[in-house]
Amino acid sequence: MRTLCFEGYYFQRFNRVKEVLNNSIETTFDMHLTKFANFWMEKELELEIGASAYERTGVSRPYRNGHYIRQLVTARGVLDLKVPRTVGIKPRFSVFRHYKRRSQQMDDLIAESILLGHSTRQARRFFSKMLGQNSVSQQLASSLFRKCDFELHRWKTRPIRDNARILVLDAIHLKGVIPWLKTAKPVLFAYAVYPDGSEEVLDFELANGESIRSYSRLCLKLYQRGLQNVDLIVKDDHAAIEEAVRNYWPEALSQDCIFHLLQNLAKKLKGFRQKHLILRDASWLFQAQNAGEFQKWAALFRKKYARIMNLPALKYFVSKWHGATQFYALEPRFWPAAKTTNRLERLFGELRRRIRVFRRFPNTLSCQRWTFALLLKLNNIKNPILPASQSQQFI
């Protein structure tokens, strides 16, 4: 093959430039990519049947029978391939998978656009403008997420590591968890932090409400799958969680979320003249470096606000000090994860933002699929069953 950059091939080089300038650069690349894919299939078929096109070998073997046009949607563009027909064998080509109209990379791009916040209509319009009309259907994204059902089941039944340093329990309310109800229902989450510093979402459970029964069902599944020892459980001020965890981890310390505690204090102080001053001092208490220092600062807090300590808001706040300071029993490196349920709250914020475009799930299975897909995407969950290179190929 002649190299056009050699001296003396100016005419050929000029024709190549005109070819690119007369068409858009994308059209030119698509054309060359289509030619290459067709050439590749011809060579693969030639190796498989042992003869090139129009060659007569005198030996009885499969033979060619024309071509048919197959459209393949790829991340590089839409290719109109001339797929060789044969008589005697059913050839398989490496250019595309059997019965596949899209490449795996294209499926990943479509799912990525949905997970980033596009609705299915927006995704269809976007890819139609980029690749041409009818390249992506509106129902395609939904069908892609149906393929993760098997991986979802395996993830929810996988063995769980024991001896978690911290277990965080919280819930997010979503519409469509129970299809025939218009109100939002909770999805319960469990998040673990281990002694080596690794963290993971252990499981999630769709529930009818944040009841003792619902949280007990989630805790039972965690316990049966291997999580039988927990040092500290982080939760918001919810009696159902407290009752549920005592049946499975009775020796675990119970830490109330400091963020929720201060948030509740702010609500109870609504309209009070010294509200901001009290909230500033209250949040400063939890900056103490050990339990003894906290007690000293707590005594100063009581002294400073002795005249108004009979306020219901301050009585509530003081009554929660013991439950909000259990994190001091752990090493300081675990305190950021043990003080609040922020590990899950950040995840919940992303979940709300990503699903805002369709407001509610059409059914329970859809809620499970989307939640699992977003967990893999947002929290970088490693699938313990699949190799690392395949952990993101659930769609």
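One table, with the values for the structure above:
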| item | result |
| --- | --- |
| Count of the stretch 318-332 residues which are of a type in the set (Ser, Thr, Tyr) and under 14 Å from residue 232 (Cα atoms) | 2 |
| Residue identified as within 48 Å of the chain's Cα centre (by Cα), under 28 Å from residue 106 (Cβ atoms) and modelled with pLDDT under 75 among 45, 72 | 72 |
| Conditions (1) in contact with a Phe, Trp or Tyr (Cβ under 9 Å, 6 or more places away or on another chain); (2) under 20 Å from residue 345 (Cα atoms); (3) at pLDDT below 90: number failed by residue 184 | (1) |
| Residues of the stretch 252-307 that turn out to be of a type in the set (A, V, I, L, M, F, W, C), within 18 Å of residue 332 (Cβ to Cβ) and in contact with a strand residue (DSSP E or B) (Cβ under 9 Å, 6 or more places away or on another chain), as a count | 1 |
| Segments classed as helices (runs of 4 or more DSSP H), wholly inside the stretch 229-329, with at least 3 members that are in contact with a Ser or Thr (Cβ under 8 Å, 6 or more places away or on another chain) | 239-246, 258-268 |
| Test: residue in the stretch 311-326 that is of a type in the set (S, T, N, Q), within 27 Å of residue 253 (Cα to Cα) and buried (at least 16 other Cβ atoms within 10 Å of the Cβ) | yes |
| Some residue of the stretch 301-313 being assigned by TED's automatic domain parsing to the domain that holds residue 257 and within 23 Å of residue 233 (Cβ to Cβ) | no |
| Residues (closer than 19 Å to residue 248 by Cβ and either without any contact (Cβ under 8 Å) to a residue 12 or more places away in the chain or not in a loop (DSSP other than H, G, I, E, B) (or both)) located in the stretch 152-166 | 156, 164, 165, 166 |
| Residue 269 being within 36 Å of the chain's Cα centre (by Cα), among the hydrophobic types (A, V, I, L, M, F, W, C) and either crowded, with 16+ Cβ neighbours inside 10 Å or not assigned by TED's automatic domain parsing to the domain that holds residue 167 (or both) | no |
| Residues satisfying the stated conditions in the stretch 177-195, i.e. surrounded by 21 or more Cβ atoms within 10 Å (Cβ to Cβ) and in a loop (DSSP other than H, G, I, E, B) | 177 |
| Test: residue in the stretch 297-311 that is basic (Lys, Arg) and in contact with a Leu (Cβ under 7 Å, 6 or more places away or on another chain) | no |
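The values are calculated or read from the model by the stated rules, or taken from the named source; none is laboratory data. Computed from a predicted model, the values in this text were never measured in an experiment. With ideal geometry, Cβ positions are generated from the backbone for all residues, glycine too; neighbour counts draw on all protein chains shown.
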